[in-house]
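Right, one structure below, let's go through it.
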Amino acid sequence: MPRKLERTMSVMGEQIKLARLRRNLTIAQVADRATCSPLTINRIEHGSPTVSIGIYARVLYALQLDDDLLLIAANDTLGRSLQDLSLKHRSRASKKE
């Protein structure tokens, strides 16, 4: 896995951990609400890339942060720029009669 992606996963795990702690919830409580094991919550909080996105979604739901999932890829500036480039039409000279 690229280092940048490892770092992103680690930061995301830390943010989920902080959200849990701000709500004064234990790992066991979040695991129970998300219907997964405490070990899985621990892996998420450490940024493990082996946990499925479905589990992440259930944990965010348990923390009442599931709307944050809608922010994934919402600001796709590169994609929008590429789309805009493909939409530009070439101008043709008018037909001579």
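The values are calculated or read from the model by the stated rules, or taken from the named source; none is laboratory data. Just so we're clear, the structure is a prediction, and the values are computed from it rather than from any experiment. Neighbour counts are summed over all protein chains in view; Cβ atoms, including those assigned to glycine, are modelled from backbone coordinates with ideal geometry. Just the protein is used for accessible areas: all its heavy atoms, side chains included, with ligands, DNA and RNA removed. Shrake-Rupley method; radii C 1.70, N 1.55, O 1.52, S 1.80 Å.
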- Item | Filter result (farther than 17 Å from D68 by Cα, touching a residue at least 24 places away in the same chain (Cβ under 8 Å) and open to solvent by 50 Å² or more (accessible area, probe 1.4 Å)) within segment 11-42 | R33
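For the condition modelled with pLDDT under 95 and in a helix (DSSP H, G or I), what is the one hit in L70, L60, L39?
Working: L60 fails: modelled with pLDDT under 95; L39 fails: modelled with pLDDT under 95.
Exactly one of L70, L60, L39 is modelled with pLDDT under 95 and in a helix (DSSP H, G or I), namely L70.
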- Query: Among the residues of segment 43-59, how many are open to solvent by less than 20 Å² (accessible area, probe 1.4 Å) and either in contact with a Leu (Cβ under 6 Å, 6 or more places away or on another chain) or among the small types (G, A, S) (or both)?
  - Reply: 1
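Mind listing whichever residues of segment 1-10 are part of a helix (DSSP H, G or I) and either open to solvent by 90 Å² or more (accessible area, probe 1.4 Å) or of a type in the set (D, E, K, R) (or both)?
The answer is R3, K4, E6, R7.
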